[in-house]
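Notes to accompany the following structure.
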Amino acid sequence: MMDLWMGAVGKEPSEMVHRVAKNVRYDLDDKNIEVLLSKVEAYLQLRSDDEASSFLKASKQIILDKCSRFHETGALDSHVAFLHRLSRRRARDERLRVFTTNYDLCFEKAASQLGIVALDGFSFYSPRSYDPRFFSYDIVRRPRSGSGEVGSFLEGVFLIHKLHGSVNWARTSDDKIMERAHPTPDEACLIYPAAGKFQQSFSQPHLEFMAQYFASLREPNTCLLVVGFGFNDAHLAEPLIAAAQSNPHFRLVVVDPAAKERVDNGSGYWGRLAKLGSQGGDIWFVSARFDEFSQMIPDLKSLTPADALVKAIRGVAKTP
């Protein structure tokens, strides 16, 4: 978020930014891009201001550009390891579901590097368009013989739900959601960081993703990994708290570099989760960065006969 602040406002805000901040009554020393954009949006609902409107549009363009280029400048080793270890599961198990508030294409690019398939709610044909029915589809491998045998589920398929939109989604004039390489800020199907994101979460396509999120939290024998989430979005944190309170088979693992300090501080949602954990809830906290945690995850793939043979040989080799 600080990178977005520096991109939109700069280290030394211009005179125009100072005027906009003064008009919306925001203290630039606070350096919170979400609060600033929220105040600008609210201000523009009440009066017309060309400078404020220009600043808001320019800020959205900067956010869109920075998130679009993120996967080009950042290494994806952690995303690759995360998907590699969690998506390779037994055919009888549920598919891995990834819920993310990030706009970038890191998970999609990581899946491409691994040669696995991400089901994102968009059609399989080009131009790709959004339709929630695609979330109910899956991919199977059919036998070559054509003997009528039932096919087996393809390994490595996972579902990705981008709760706040994506940098390559565009809303057309007829209100369709299409995949597009470089949408403009006005047509980009994103929930920008501002106070209005709660209301926007209940419009399509975000409404469908929220429904999938709620349904997953209610499923029995569900484990949710929360990685890199600051619990600043109440519309996502409150259902999580409710699941921890009411779903008896719900397991929660929260991963954050400052997890211990946040739990010890005991404020906000961290304090509520720590209290539920102390009362018997299946809630665990891990102090680690995403790159560190991705290496901690055990490989969930069941052993093939070849893997079992190799494991047995290694066991024999280690026997004195």
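Cβ-Cβ contacts under 7 Å between residues 6 or more apart (or on different chains), taken from a first residue in the range 178-191 that is surrounded by 18 or more Cβ atoms within 10 Å (Cβ to Cβ) to a second residue that is hydroxyl-bearing (Ser, Thr, Tyr) and assigned to a strand (DSSP E or B), are listed as Met178/Ser129.
In this structure, does Arg128 turn out to be farther than 30 Å from Asn232 by Cα, open to solvent by 50 Å² or more (accessible area, probe 1.4 Å), touching an Asp or Glu at 6+ places or on another chain (Cβ under 7 Å) and of a type in the set (D, E, K, R)?
Spelling it out, Arg128 is indeed farther than 30 Å from Asn232 by Cα, open to solvent by 50 Å² or more (accessible area, probe 1.4 Å), touching an Asp or Glu at 6+ places or on another chain (Cβ under 7 Å) and of a type in the set (D, E, K, R).
Within the range 192-207, the set of residues being modelled with pLDDT of 85 or more and open to solvent by less than 40 Å² (accessible area, probe 1.4 Å) comprises Pro205, His206.
For every residue, the table says whether it meets (1) surrounded by fewer than 14 Cβ atoms within 10 Å (Cβ to Cβ); (2) β-branched (Val, Ile, Thr); (3) at pLDDT below 90; (4) under 23 Å from Phe290 (Cα atoms).
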residue: Met210; (1), (2), (3), (4): no, no, no, no
residue: Ala215; (1), (2), (3), (4): yes, no, no, no
residue: Asn221; (1), (2), (3), (4): yes, no, yes, no
residue: Phe229; (1), (2), (3), (4): no, no, no, yes
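Go through the range 289-318 residue by residue and tally those that are open to solvent by 90 Å² or more (accessible area, probe 1.4 Å), modelled with pLDDT under 90 and part of a loop (DSSP other than H, G, I, E, B). So the answer is 1.
Are any residues in the range 259-288 in a loop (DSSP other than H, G, I, E, B) and open to solvent by less than 30 Å² (accessible area, probe 1.4 Å), and if so, which ones?
Going through the range 259-288, the residues in a loop (DSSP other than H, G, I, E, B) turn out to be 266-267, 279-282, 288.
Gly281, Ala288, listed by residue number.
Of all residues assigned to the range 75-87, none qualifies as being open to solvent by 40 Å² or more (accessible area, probe 1.4 Å), within 20 Å of Thr222 (Cα to Cα) and part of a loop (DSSP other than H, G, I, E, B). Applying the criterion of being modelled with pLDDT under 90 and not in a loop (DSSP other than H, G, I, E, B) to the residues of the range 1-32, the residue that is most open to solvent (accessible area, probe 1.4 Å) is Asp3. Looking across the range 88-105, the residues that are open to solvent by less than 70 Å² (accessible area, probe 1.4 Å), part of a loop (DSSP other than H, G, I, E, B) and closer than 21 Å to Leu207 by Cβ come down to Thr101, Tyr103.
Filtering Lys39, Lys57 for residues that are in a helix (DSSP H, G or I), at negative phi and open to solvent by 90 Å² or more (accessible area, probe 1.4 Å) leaves a single hit, Lys57.
Going by what's in this entry, would Glu108 be described as modelled with pLDDT of 90 or more, open to solvent by 30 Å² or more (accessible area, probe 1.4 Å), acidic (Asp, Glu) and on the phi < 0 side of the Ramachandran plot?
Numbers: modelled with pLDDT of 90 or more: yes; open to solvent by 30 Å² or more (accessible area, probe 1.4 Å): yes; acidic (Asp, Glu): yes; on the phi < 0 side of the Ramachandran plot: yes.
Spelling it out, Glu108 is indeed modelled with pLDDT of 90 or more, open to solvent by 30 Å² or more (accessible area, probe 1.4 Å), acidic (Asp, Glu) and on the phi < 0 side of the Ramachandran plot.
Among Arg92, Arg85, which is on the phi < 0 side of the Ramachandran plot and without any contact (Cβ under 8 Å) to a residue 60 or more places away in the chain? First the steps, then the outcome.
Numbers: Arg85 fails: without any contact (Cβ under 8 Å) to a residue 60 or more places away in the chain.
One residue alone meets the criteria, Arg92.
In the range 237-247, is there at least one residue being over 16 Å from the mean Cα position of the chain (by Cα), at pLDDT 90 or above and not in a helix (DSSP H, G or I)? Yes - at least one qualifying residue is present in the range 237-247.
Any idea which residue in the range 154-176 is surrounded by the fewest Cβ atoms within 10 Å (Cβ to Cβ), counting only those that are small (Gly, Ala, Ser) and at pLDDT below 90?
Ser173
The values are calculated or read from the model by the stated rules, or taken from the named source; none is laboratory data. These numbers were taken from a predicted model, which means no experiment stands behind them. As a convention, Cβ positions derive from the backbone with ideal geometry for all residues, glycine included, and neighbour counts pool all protein chains shown. Accessible surface is based on the protein model in full, side chains and every heavy atom, while ligands, DNA and RNA are left aside. Shrake-Rupley method; radii C 1.70, N 1.55, O 1.52, S 1.80 Å.
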